[in-house]
Amino acid sequence: MAEKRDELRRFVVTPLATNCYAYLSAGECLVVDPGGSGAEVAARLGEARVACVAATHGHGDHVGGVAALCRATGAPFAIHAADAELARHAGEMSEVGRSYDDNAPAPDRTLAEGDVLRVGTATFTVMETPGHTPGGVTLVGGGSAEGVAFVGDTLFPGSHGRTDLKGGDEATIMASLARMAAEIAPETTLFCGHGPATTMARELATNPFLR
Ligand SMILES: [Zn+2]
């Protein structure tokens, strides 16, 4: 019997056009970075059981929709412990003068290096990639999600996330990018927190921060 293929959906949310991703596999779903419109995202996931709502980091534009999404689906929320406090203020005015839908709840589960999130026949392994924020993570796909990685705001095509916000650090993000370059397979598609996706091979060839 042919197995139903996994599906990746992207929802662009918040005034900052944040990418919220839903990875669907075998009737389950992992939602990454619901920065806003949590109830709307929930309504568009159909029958899939939301196994987990995970944040790549705690900035409001990535977690402002967590509360509504978790309320609508009953799913647990997961984030690195170092960014949990940041996420709990998503609905309040930030240092750049913006606020998002709601403060995120306290995490039901914290994410640390090597932790594995399971959704259907897919796995996502946590790689700690701090620098944009102290608790930034990359979720590296395995199983039926081999070749997929959610990189948040750590890496963008030809660039990297800003390090001038509270908790950001240039040397730290450079170390994270070096790790990603060494440990993520070149054929992997990198799904970024904003804008288009890229591949590790393309970034190795063109991104000046990966050298
Ligand atoms: Zn960010």
Among the residues of the stretch 193-211, write down those that are in a helix (DSSP H, G or I) and surrounded by fewer than 18 Cβ atoms within 10 Å (Cβ to Cβ).
-> Ala201, Arg202, Leu204, Ala205, Thr206, Pro208, Phe209
Evaluate the following for Gly27: is it crowded, with 22+ Cβ neighbours inside 10 Å and touching a residue at least 40 places away in the same chain (Cβ under 8 Å)?
-> no
Cross-chain or 6+ apart pairs with Cβ under 8 Å, the stretch 172-198 first and within 20 Å of Tyr21 (Cβ to Cβ), then open to solvent by 40 Å² or more (accessible area, probe 1.4 Å) and assigned to a helix (DSSP H, G or I) = Glu187/Ala201
Which condition does Tyr100 not pass, out of (1) modelled with pLDDT of 95 or more; (2) in a loop (DSSP other than H, G, I, E, B); (3) open to solvent by 20 Å² or more (accessible area, probe 1.4 Å); (4) among the hydroxyl-bearing types (Ser, Thr, Tyr), if it passes all the others?
-> (1)
Would you list the helices (runs of 4 or more DSSP H) that sit entirely within the stretch 36-77 and hold 3 or more residues that are within 16 Å of the ligand (Cβ to nearest atom) and closer than 20 Å to Val151 by Cα?
-> 60-63
Counting only residues in the stretch 36-50 that are hydrophobic (A, V, I, L, M, F, W, C) and out of contact with any strand residue (DSSP E or B) (no Cβ under 7 Å at 6 or more places or on another chain), the one surrounded by the fewest Cβ atoms within 10 Å (Cβ to Cβ) is identified as Ala43
Could you list, in sequence order, all residues of the stretch 154-184 that are open to solvent by 10 Å² or more (accessible area, probe 1.4 Å), within 14 Å of the ligand (Cβ to nearest atom) and part of a loop (DSSP other than H, G, I, E, B)?
-> Arg162, Thr163, Asp164, Leu165, Lys166, Gly167, Gly168, Asp169
Within the bounds of the stretch 126-139, is there any residue that is open to solvent by 30 Å² or more (accessible area, probe 1.4 Å), away from the ligand (no atom under 13 Å from the Cβ) and either assigned to a loop (DSSP other than H, G, I, E, B) or at pLDDT below 95 (or both)?
-> no
Considering residues of the stretch 78-93 that are open to solvent by 20 Å² or more (accessible area, probe 1.4 Å) and outside any loop (DSSP other than H, G, I, E, B) only, the residue nearest to the ligand (Cβ to nearest atom) = Leu86
In the stretch 36-51, what residues are touching a residue at least 60 places away in the same chain (Cβ under 8 Å) and closer than 20 Å to Cys192 by Cβ?
-> Gly36, Ser37
Farther than 15 Å from His57 by Cβ and touching a residue at least 24 places away in the same chain (Cβ under 8 Å): does that describe Pro134?
-> no
Kindly establish whether Thr110 is in a strand (DSSP E or B) and β-branched (Val, Ile, Thr).
-> yes
Could you tell me which of the residues Glu113, Glu92 is without any contact (Cβ under 8 Å) to a residue 60 or more places away in the chain and more than 22 Å from Thr172 (Cβ to Cβ)?
-> Glu92
Can you tell me how many residues in the stretch 51-74 are open to solvent by less than 10 Å² (accessible area, probe 1.4 Å) and either within 16 Å of Asp108 (Cβ to Cβ) or small (Gly, Ala, Ser) (or both)?
-> 9
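The values are calculated or read from the model by the stated rules, or taken from the named source; none is laboratory data. Everything quoted here is computed from the prediction, not taken from an experiment. No Cβ is skipped: glycine too gets one built from the backbone with ideal geometry, and neighbour counts run over all protein chains shown. Surface areas here come from the heavy atoms of the whole protein model, side chains and all, with no ligands, DNA or RNA. Shrake-Rupley method; radii C 1.70, N 1.55, O 1.52, S 1.80 Å.
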